[in-house]
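One structure below.
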Amino acid sequence: MHIAFIGLGNMGGGMAANQVKAGHEVAAFDLSAQALDRAKAAGCLPVASVAEAVAKADAVVTMLPAGAHVRAVYAEQILPNAPKTALLIDCSTIDVESARAVGLQARELEFRFADAPVSGGTAAADAGTLAFMVGCDEGDFPAIEAVVQPMARAVIRAGDHGAGQAAKICNNMVLGISMLGVCEAFALAEKLGLDSERFFEIANQSSGQCWSLSTYCPWPGPVATAPSNRGYEGGFATAMMLKDLKLAQQAAAAAGAAAPMGAQAEGLYALFDRLGYGTKDFSGIVQMLRGRLDELA
Ligand code: NAD
């Protein structure tokens with residue numbers, strides 16, 4: 001299969017490499033020469049433009065920073081140049097409105113389109129173990145599932161165009177809020193003189209158990225693989241979490257939904273970001289809550 005891959009950054013680089021490993025021919029384009037070089041080293045064919053990448057594509061996968069990039073690349077480059085038979089799959093995390101708008105444009109031109117954002121960070125992108133949440137016409141889902149399979153551990157159809165993005169921001173709002181809850185609990189436990197390992201053991205067997213505690217514990221020690229054990233480097237950047245919480249608030253305002261905890265969480269991550277920690281893993285916010293930012297490099 002001929003795949004065009006647009007956007008070869010932290011996530012897209014690994015995802016494109018997994019399509020090569022699955023035996024597909026991948027024409028790759030990114031504005032960054034460095035990203036293109038990495039894609040070439042992974043076995044992709046680097047090309048000079050989006051138009052060139054999509055010209056012979058059976059499927060087009062995009063992994064771009066935000067809604068404005070996705071709207072522009074689809075309207076100006078992909079839709080005018082891709083064959084009508086190409087499956088168009090946007091894996092970026094963007095606002096629901098942009099996903100619906102691009103989906104509508106694509107449908108009007110008789111393309112099959114899916115918004116298919118992912119959960120799992122760069123490690124999952126490299127390993128091909130991302131979870132995909134897909135918004136598409138029901139009949140298109142099997143073909144979309146087949147294309148993303150080499151990059152996935154789970155592929156779930158959320159509903160029609162925009163539903164993938166809706167699922168993604170709702171999920172990440174849970175994550176942003178639950179992480180703050182776990183951080184506050186550890187900071188309080190410390191003040192109350194509780195041993196952190198013992199508190200972890202208890203909460204992990206009690207009703208406080210959740211992904212933020214069990215798999216991604218923000219307190220160094222209990223979960224060896226968590227970013228808390230490597231100075232909050234790598235993982236999921238605070239700036240990215242902030243972006244997703246902003247998208248959730250934007251969607252809540254547009255839909256008339258109350259999301260006050262999401263708003264509080266957005267405010268706290270925004271403060272952590274303004275203090276200069278936007279590139280640190282979001283669980284590093286525990287050091288702000290402890291009043292120990294001095295322990296963060
Ligand atoms: P990134 O900034 O590393 O990569 C984006 C790439 O897009 C860059 O290489 C950039 O040069 C390229 N690009 C921008 N405009 C372009 C254009 N017009 N044409 C071609 N290339 C263009 O970002 P990332 O971490 O790879 O994230 C990509 C998307 O995935 C974002 O929407 C992000 O929210 C989402 N996401 C990221 C993570 C994560 O942990 N990093 C996890 C899940 C989802």
Inset, instruction - State yes or no: is ALA17 crowded, with 23+ Cβ neighbours inside 10 Å and either away from the ligand (no atom under 11 Å from the Cβ) or not assigned by TED's automatic domain parsing to the domain that holds ASN81 (or both)? - result: yes
Inset, instruction - Using the structure shown, decide if ILE156 is surrounded by fewer than 18 Cβ atoms within 10 Å (Cβ to Cβ) and assigned to a helix (DSSP H, G or I). - result: no
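Which one is nearest to the ligand (Cβ to nearest atom) among residues in segment 213-230 that are touching a helix residue (DSSP H, G or I) at 6+ places or on another chain (Cβ under 8 Å) and open to solvent by 20 Å² or more (accessible area, probe 1.4 Å)? Break it down into steps so the answer makes sense when it comes.
Pass one, segment 213-230, residues touching a helix residue (DSSP H, G or I) at 6+ places or on another chain (Cβ under 8 Å): 213-214, 216-223, 226-228.
Then drop every residue that is not open to solvent by 20 Å² or more (accessible area, probe 1.4 Å), which leaves 214, 216, 219-222.
Details: SER214: 19, TYR216: 13, TRP219: 21, PRO220: 21, GLY221: 24, PRO222: 22 Å.
Only one residue fits best here, namely TYR216.
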Inset, instruction - Just give me the residues in segment 243-263 being touching a residue at least 24 places away in the same chain (Cβ under 8 Å) and either within 16 Å of SER212 (Cβ to Cβ) or of a type in the set (A, V, I, L, M) (or both), in sequence order. - result: ASP244, LEU245, LEU247, ALA248, ALA251, ALA254, ALA259, MET261, GLY262
Inset, instruction - Residues being under 17 Å from the mean Cα position of the chain (by Cα) and surrounded by fewer than 22 Cβ atoms within 10 Å (Cβ to Cβ): count how many of those fall in segment 168-181. - result: 5
Legend entry - Of residues in segment 125-141 being in a helix (DSSP H, G or I) and in contact with a helix residue (DSSP H, G or I) (Cβ under 9 Å, 6 or more places away or on another chain), the one least open to solvent (accessible area, probe 1.4 Å): ALA125
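A quick yes/no check of all residues on (1) assigned to a strand (DSSP E or B); (2) open to solvent by 10 Å² or more (accessible area, probe 1.4 Å); (3) away from the ligand (no atom under 12 Å from the Cβ); (4) of a type in the set (Lys, Arg):
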{"residue": "LYS40", "(1), (2), (3), (4)": "no, yes, yes, yes"}
{"residue": "ALA48", "(1), (2), (3), (4)": "no, yes, no, no"}
{"residue": "ALA51", "(1), (2), (3), (4)": "no, yes, no, no"}
{"residue": "LYS56", "(1), (2), (3), (4)": "no, yes, yes, yes"}
{"residue": "ALA72", "(1), (2), (3), (4)": "no, yes, no, no"}
{"residue": "ALA75", "(1), (2), (3), (4)": "no, yes, no, no"}
{"residue": "PRO80", "(1), (2), (3), (4)": "no, yes, yes, no"}
{"residue": "ILE89", "(1), (2), (3), (4)": "yes, no, yes, no"}
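Which of the residues belonging to segment 20-38 are more than 10 Å from the ligand (Cβ to nearest atom), of a type outside the set (Val, Ile, Thr) and part of a helix (DSSP H, G or I)? Steps first, please.
Taking segment 20-38 first, the residues more than 10 Å from the ligand (Cβ to nearest atom) are 20-27, 37.
Applying the additional criterion that residues be of a type outside the set (Val, Ile, Thr) yields 21-25, 27, 37.
Once the filter is applied, which keeps residues that are more than 10 Å from the ligand (Cβ to nearest atom), of a type outside the set (Val, Ile, Thr) and part of a helix (DSSP H, G or I), segment 20-38 yields LYS21, ASP37.
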Inset, instruction - Working only within segment 99-120, note down all residues that are surrounded by fewer than 22 Cβ atoms within 10 Å (Cβ to Cβ) and within 11 Å of the ligand (Cβ to nearest atom). - result: SER119, GLY120
Inset, instruction - Take PRO150 and decide whether it is away from the ligand (no atom under 14 Å from the Cβ), out of contact with any strand residue (DSSP E or B) (no Cβ under 8 Å at 6 or more places or on another chain) and open to solvent by less than 40 Å² (accessible area, probe 1.4 Å). - result: yes
Inset, instruction - Go through segment 58-70 and give me each residue that's more than 10 Å from the ligand (Cβ to nearest atom) and either more than 18 Å from VAL118 (Cβ to Cβ) or surrounded by fewer than 24 Cβ atoms within 10 Å (Cβ to Cβ) (or both). - result: ASP58
Legend entry - Test result for GLY267, open to solvent by less than 50 Å² (accessible area, probe 1.4 Å), among the small types (Gly, Ala, Ser) and without any contact (Cβ under 8 Å) to a residue 24 or more places away in the chain: yes
Inset, instruction - Being aliphatic (A, V, I, L, M) and in contact with an Asp or Glu (Cβ under 7 Å, 6 or more places away or on another chain) is the filter here, so list the residues in segment 4-26 that pass it. - result: LEU8
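The values are calculated or read from the model by the stated rules, or taken from the named source; none is laboratory data. On a predicted model such as this, the values are computed, not experimentally measured, just so you know. We place every Cβ from the backbone using ideal geometry, glycine too, and count neighbours over all the protein chains shown. Heads up: the accessible areas ignore ligands, DNA and RNA and are worked out on the full protein's heavy atoms, side chains in. Shrake-Rupley method; radii C 1.70, N 1.55, O 1.52, S 1.80 Å.
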